[in-house]
Amino acid sequence: ELEGANDVETFTIDSSTYAIVTSNVDDGVQIIDISDPENIEAKDSMVDTGSLKLDGARDVATFVIGSSTYAIVASRDDNGVQIIDISDVDTLVAKGSMDDTDGSLELDGARGVDVFTIGSSTYAIVASEDDNGIQIIDISDPNNIVAKDAETDEENGFDVFDGATDVDTFVIGSSTYAIVTSRGDSGVQIIDISDPNNIVAKDAETDGENGFTILNQARAVDV
């Protein structure tokens, strides 16, 4: 399941190193054992069956809860996310999912995703290109994920979310932040996500302003 390979994340289980690749044409994910870089090996894969949220799979992030390893996939065409238990790379298991069926969430065109922890809880933040915004999700229980705060462009001080494409999180001091790329606004938006129920806009910058000269149609970001 590698046609239209779009994003990749690596993870380790015991003494082995693996990659999980999203495919937005095959509408799924492929696990690869990369422990021997000279001889990489295909492991299990998973594709959209209609009941899963993997149609147009774009971005992926991995996380660990207890003794299990999981992936969360942002699926643009399903307007949602899918949790997958990847602890056994030979037998992937679908867990909780979420989509914007009634328009109450900011998941239309879900494109970028990252994972962060606050206290004993694990969260995901999703950048949604068509909703021009972001959605926080509590993924502490992978079988029962819960929507938290969300924001959209031109609301509550969030000025650079048009066509939100990617997101990454980072910690400074006791605060947790996210940086989001905006293709439509040609810029980036910083968010304080320390309280997942009440996220707060921080600085934002756009192409051609304040010395930022290479942000036209910004798409991807890393910290």
- request: Name the shape class, rounded, prolate or oblate, that the alpha-carbon gyration tensor gives for segment 173-223, where a ≥ b ≥ c are the square roots of its eigenvalues, rounded holds for a/c under 1.5, and otherwise prolate holds if a/b is larger than b/c and oblate otherwise.
  value: prolate
field: Accessible surface of THR17 - all protein chains present, 1.4 Å probe, nearest 10 Å²
entry: 50 Å²
message: Run the Debye formula on the Cα coordinates of segment 1-107, all scatterers equal and no solvent, and tell me log10 I(q)/I(0) at q = 0.22 1/Å.
response: -1.13
- line: Once ASP77 and ILE214 are pulled to full extension, the length gained, defined as 0.36 nm per residue separation minus their Cα-Cα distance, is 46.4 nm
- request: Find the all-direction average of the projected area of the Cα convex hull for segment 116-175, expressing the result in square nanometres with one decimal place.
  value: 4.8 nm²
field: C-alpha center-to-center spacing [segment 114-177, segment 53-87] in angstrom
entry: 15 Å
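Where does segment 86-137 land on Rg(C-alpha)/(2.2 N^0.38 Å)?
That ratio works out to 1.33.
Let me make sure I get this right: for the chain, a, b and c are the square roots of the gyration tensor eigenvalues over alpha carbons, sorted descending. Under 1.5 in a/c it's rounded, otherwise prolate if a/b > b/c, else oblate. Which is it?
Judged from the Cα gyration tensor, the chain comes out prolate (a/c at least 1.5, a/b above b/c).
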Cα lying deepest toward the dipole's positive end in the chain, options ALA150, THR117, GLN135, charges on Cβ: THR117
query: By the gyration tensor of its Cα atoms, with a ≥ b ≥ c the square roots of the eigenvalues, what is the shape of segment 127-223: rounded for a/c under 1.5, prolate for a/b over b/c, or oblate?
result: prolate
- request: Would you look at the GNM of the chain, springs on alpha carbons closer than 10 Å, and say which of ASP138, ASP203, ASP77 moves the most?
  value: ASP203
- prompt: For segment 54-112, what ratio Rg/Rh do Cα atoms give with a Kirkwood hydrodynamic radius?
  reply: 1.02
- request: Determine the gain in length on full extension of the stretch ASP44-LYS202; use 0.36 nm per residue of separation and subtract their C-alpha separation, reporting nm with one decimal.
  value: 52.8 nm
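The values are calculated or read from the model by the stated rules, or taken from the named source; none is laboratory data. Model, not experiment: these values are computed from the prediction. Positions of Cβ are generated from backbone atoms using ideal geometry, with glycine treated the same way; all protein chains shown enter the neighbour counts. To get the accessible areas, we keep the full protein, side chains included, count just its heavy atoms, and leave off ligands, DNA and RNA. Shrake-Rupley method; radii C 1.70, N 1.55, O 1.52, S 1.80 Å.
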